[in-house]
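See structure below.
The values are calculated or read from the model by the stated rules, or taken from the named source; none is laboratory data. These numbers come from a predicted model, not from an experiment. So basically every Cβ, Gly included, is an ideal-geometry build from the backbone, and we count neighbours across all protein chains shown. We work out accessible area using only protein heavy atoms, side chains counted, and drop any ligands, DNA or RNA first. Shrake-Rupley method; radii C 1.70, N 1.55, O 1.52, S 1.80 Å.
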Amino acid sequence: MRLLSLIKKEMTHLMRDRVLLFILLWGFTGMIYTAGHGVSMEVRNFPTIVYDMSHSPESRELISRFQKPYFKILAFVQTDREIIDWLDSGKASMAIVIPPDFKRKIDSGGAKIQVIIDGTMSMSATMAVAYVSSITYNYAIEVFERKLGVTNRFFNEIPFIDERTRVHFNPNILTAWFMSLLEFFNVTTMVSLLVTAAALVREKEYGTIEQLLVTPARTWEIFFAKITPTIFAVGVLSFLSIFFVIKGIFKVPIRGSLFLFYPVMLFYVFTMSSLGIAIATVARNLAQSMMLMLVILTPMLMLSGAWTPPESMQPLMQYLSLISPMRYFIDFGYSVLFKGNGIKYVWHDIVGIILLGAVLFGFSVYRFRKTFAK
């Protein structure tokens, strides 16, 4: 009865906080929708200028390959100074320079062009370089074929590699699929931290934490009552996100079992809520708890494997990522929802979440007793 009464109290506080309810609803709908449509890792209308010193049919043919929707040619410049002005002003992000001897070098072999890219936006620049390499490679192959003659019966006997790339789980490499799910995982993490930490810090700010301490409720009952509303809110709103935003709007195929995903997700919420309680025992007010969350969430996201696979990290970073609950949750979420994997392939992620949850909950109880048992 004590536990039920405490849970009822916390649920009442949550339902009466209209601002917090709006933030939760926006996080699981608007933020995910914005991330899916607002963030793209694809190159679209990349602003480009051209300095063609060859003025040959071959150079014009190559330039014609840089078309929309990937590239947008803004101008044809005549001097090196103009290239610098366009790039420094930010009006253009890439310059294609074709030397005067381009046609002669094609006829004799070994033609080269220069591509200058603004690398301040490294992700877009990397993708643009890959697109340029693909365009020039295909153009070189076509030039090679024309020199041999398309009717040359010996052409098929020339050894070459026929590369055919197959992308599993996301065949069209849609950024919206990846970003919407990633934002869903991020929002789940942030809400689990925020709601639970705010609930306990609010008790400290209002001076009602002492009233809880003099009740016959045990420490773990107080904590469990603080965590339960967060688990309930995330459970309901995540259902809304998955079926109405991720699957409904972005058409992301949910291949795995939701009966496997949901229990593990709710235990992950418990794990992050335990971390939120630990933060609340250290912070004196809500502003401090928010700053501590930023300090913790940023490296946690960087070490989660969402942007860089753990195998590509430095050895020290790989070991540090093992203490990040987010690493296990993101790997688990993509494996189940995207790939349709069963427990055979994700059991290690589940074990990691459970172990970290137990450690964080125990640490929170210890900090709470040490802080308030005076």
If you take the residues in segment 263-315 that are under 19 Å from the mean Cα position of the chain (by Cα) and of a type in the set (G, A, S), which one is nearest to F224 (Cα to Cα)?
-> S304
Please list, ordered by first then second residue, the pairs with beta carbon atoms under 8 Å, 6 or more apart or interchain, first in segment 1-23 and farther than 12 Å from V195 by Cα and at pLDDT below 85, second β-branched (V, I, T) and assigned to a helix (DSSP H, G or I).
-> L6/I222; I7/T228
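Would you please name the residue that is most open to solvent (accessible area, probe 1.4 Å), looking only at residues in segment 35-56 that are touching a residue at least 40 places away in the same chain (Cβ under 8 Å) and more than 22 Å from G119 (Cβ to Cβ)?
H37
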Counted residues in segment 128-141 being open to solvent by less than 60 Å² (accessible area, probe 1.4 Å) and either farther than 16 Å from I96 by Cβ or touching a His at 6+ places or on another chain (Cβ under 7 Å) (or both) come to 0
Among the candidates T219, T215, residue that is hydroxyl-bearing (S, T, Y), touching a residue at least 24 places away in the same chain (Cβ under 8 Å) and open to solvent by less than 40 Å² (accessible area, probe 1.4 Å) = T219
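This table checks each residue for (1) crowded, with 16+ Cβ neighbours inside 10 Å; (2) closer than 28 Å to P263 by Cβ.
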residue: A287; (1), (2): no, no
residue: M290; (1), (2): yes, no
residue: G305; (1), (2): yes, yes
residue: T308; (1), (2): no, no
residue: Y319; (1), (2): no, no
residue: P325; (1), (2): yes, yes
residue: W347; (1), (2): no, yes
residue: L355; (1), (2): no, yes
residue: A358; (1), (2): no, yes
Candidates L301, L275 - the one that is on the phi < 0 side of the Ramachandran plot and open to solvent by 30 Å² or more (accessible area, probe 1.4 Å) = L301
Single residue of segment 177-212 satisfying the filter (open to solvent by 30 Å² or more (accessible area, probe 1.4 Å) and hydroxyl-bearing (S, T, Y)) that is farthest from the chain's Cα centre (by Cα) | T208
Considering only segment 53-115, give the helices (runs of 4 or more DSSP H) lying wholly within it that have at least 3 residues that are under 21 Å from V129 (Cβ atoms).
-> 57-64, 80-89
Within segment 67-103, restricting attention to residues that are over 23 Å from M121 (Cβ atoms) and β-branched (V, I, T), which residue is least open to solvent (accessible area, probe 1.4 Å)?
-> I98
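Select from segment 200-235 the residues that are of a type in the set (V, I, T) and either more than 17 Å from D17 (Cα to Cα) or at pLDDT below 80 (or both) and list them in ascending order. Give the derivation first.
Of segment 200-235, the ones of a type in the set (V, I, T) are 201, 208-209, 214-215, 219, 222, 227-228, 230-231, 234.
Listed by number, the residues that qualify are T208, I209, V214, T215, T219, I222.
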